[in-house]
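The values are calculated or read from the model by the stated rules, or taken from the named source; none is laboratory data. The structure presented is a predicted model; accordingly, all values stated were derived computationally and were not measured. Neighbour counts run over all protein chains shown; Cβ positions are idealised from the backbone, glycine included.
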Amino acid sequence: MSAEGRLLVCATPIGNLGDVTLRVLDALREADAVAAEDTRVTRKLLSRYDIHTPLERYDDNTAAERTPRLVARVAAGETIALVSDAGTPGISDPGAALIRACLDSGLDVEVLPGASAIIAALVASGLPTHAFYFGGFLPRKSAQRKRLLEGLASLDATLLFYESARRVVATLEDVAETLPGRFVAVARELTKMHEEVVRGPVAEVAKAFSEREVKGEVVLAIGPSLAGEVTEPDVEAIAERIDALVVGGSSMKDAVRQVASDTGLPRNLVYDIAHERRTDRPSR
Ligand code: SAM
């Protein structure tokens, strides 16, 4: 065995098994072992390309125990290929601990790039790509989600999150409330048979998904706030619209929420406009 062991971090397809690079196939074929998040999933890929390298499970449950063993194998001169179920290892997937441990031991780590749902979704979204923020999976609880989204409101970047199909509607509703008027894209089942990308203002996309069943794997992309969106609001028009809603029976809170959603302005700005108008009025 040569003394030049390596960890090869291999990106694998996110759906379509054709989306694997020639270099990754060579690596999987020539490695001494493939460390795989789920050996059953990876076996399908290996079978498709007639690869018979031994597979070893490496996931969050086994990482603590297997990391030192795999590091020892690389140190002894073996080549270990690391894969996750889909896409790039380490990106919301197991792998980072093994990569870190190999680097800490002074061992060679090479990345063989390829598919990642986040990059495919960003590009397919049609939203700005000059800067983007990837937040992994959003919190499951609405209050935490909204807090996180509010904290990102001023970022001049497209925001990207992995999301479960089950929570897409609730999450879009939270986005509509915290980042009203933003353009979003829901990228679902990319590279698979039922691939779709639904794009539009967040309130419309939320409504569209609330009227149907959502299945499969989803990435949510949220565009940055548009230039000028918050700098020159038509104060008179906003105040009149709030007045009309309140006269029509809405509470001030609901009226502010409605106008924020209709105009795409942040809720606190609409609230301030409404509040200033009320304090401007002569008391009766
Ligand atoms: N490491 C992977 C990568 O680089 O793409 C991501 C793994 S993460 C555990 C899985 C999440 O990625 C899914 O819940 C979904 O949000 C997203 N995802 C994976 N495949 C996808 C696909 N084909 N279409 C849309 N989203 C996908």
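Okay, residues lined up against (1) in the same structural domain as Ser105 (by TED's automatic domain parsing); (2) without any contact (Cβ under 8 Å) to a residue 12 or more places away in the chain; (3) over 15 Å from Thr79 (Cα atoms); (4) not in a loop (DSSP other than H, G, I, E, B):
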residue: Ile14; (1), (2), (3), (4): yes, no, yes, no
residue: Leu17; (1), (2), (3), (4): yes, no, yes, no
residue: Val24; (1), (2), (3), (4): yes, no, no, yes
residue: Arg43; (1), (2), (3), (4): yes, no, yes, yes
residue: Leu46; (1), (2), (3), (4): yes, no, yes, yes
residue: Ile51; (1), (2), (3), (4): yes, no, yes, no
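For the condition more than 16 Å from the ligand (Cβ to nearest atom), part of a loop (DSSP other than H, G, I, E, B), at pLDDT 95 or above and not small (Gly, Ala, Ser), what is the one hit in Pro224, Pro282?
Pro224
Being crowded, with 22+ Cβ neighbours inside 10 Å and not in a strand (DSSP E or B) is the filter; apply it to the stretch 72-85 and report the residue that is nearest to the ligand (Cβ to nearest atom).
Ser84
Matching residues to (1) within 16 Å of the ligand (Cβ to nearest atom); (2) in contact with a His (Cβ under 8 Å, 6 or more places away or on another chain); (3) assigned to a strand (DSSP E or B); (4) among the β-branched types (Val, Ile, Thr):
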| residue | (1), (2), (3), (4) |
| --- | --- |
| Asn61 | yes, no, no, no |
| Arg66 | no, no, no, no |
| Pro94 | yes, no, no, no |
| Val109 | no, no, yes, yes |
| Gly114 | yes, no, no, no |
| Ile118 | yes, no, no, yes |
| His130 | no, no, no, no |
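Listed here are the residues, each with its yes/no results for (1) among the charged types (D, E, K, R); (2) within 25 Å of Ala120 (Cα to Cα); (3) over 25 Å from the mean Cα position of the chain (by Cα).
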residue	(1), (2), (3)
Ala11	no, yes, no
Gly15	no, yes, no
Val24	no, yes, no
Leu28	no, yes, yes
Ala36	no, yes, no
Pro54	no, no, yes
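Check Ala176 against each of (1) under 26 Å from Ser116 (Cβ atoms); (2) touching a helix residue (DSSP H, G or I) at 6+ places or on another chain (Cβ under 8 Å) and name the one condition it does not meet.
(1)
Just for the stretch 159-203: of the residues that are over 22 Å from Leu269 (Cα atoms) and in a helix (DSSP H, G or I), which one is nearest to the ligand (Cβ to nearest atom)?
Result: Ala165.
For Ser142, work out the one condition from (1) away from the ligand (no atom under 14 Å from the Cβ); (2) at negative phi; (3) without any contact (Cβ under 8 Å) to a residue 12 or more places away in the chain it doesn't fulfil.
It fails just one condition, (3).
In the same structural domain as Leu127 (by TED's automatic domain parsing) and in contact with a Pro (Cβ under 6 Å, 6 or more places away or on another chain): which single residue out of Thr178, Thr158 fits that description? Break it down stepwise before answering.
Working: Thr178 fails: in contact with a Pro (Cβ under 6 Å, 6 or more places away or on another chain).
The match here is Thr158.
Mind telling me which of the residues Ala31, Ala35 ends up being under 17 Å from Gly114 (Cβ atoms), within 16 Å of the ligand (Cβ to nearest atom) and small (Gly, Ala, Ser)? Can you show your working first?
On the way: Ala31 fails: within 16 Å of the ligand (Cβ to nearest atom).
Within the list Ala31, Ala35, the selection yields Ala35.
Based on this model, can you work out whether Ser125 counts as closer than 18 Å to Glu196 by Cα, among the hydroxyl-bearing types (Ser, Thr, Tyr), touching a residue at least 60 places away in the same chain (Cβ under 8 Å) and more than 10 Å from the ligand (Cβ to nearest atom)?
Values: closer than 18 Å to Glu196 by Cα: yes; among the hydroxyl-bearing types (Ser, Thr, Tyr): yes; touching a residue at least 60 places away in the same chain (Cβ under 8 Å): yes; more than 10 Å from the ligand (Cβ to nearest atom): yes.
When the stated conditions are applied, Ser125 passes them.
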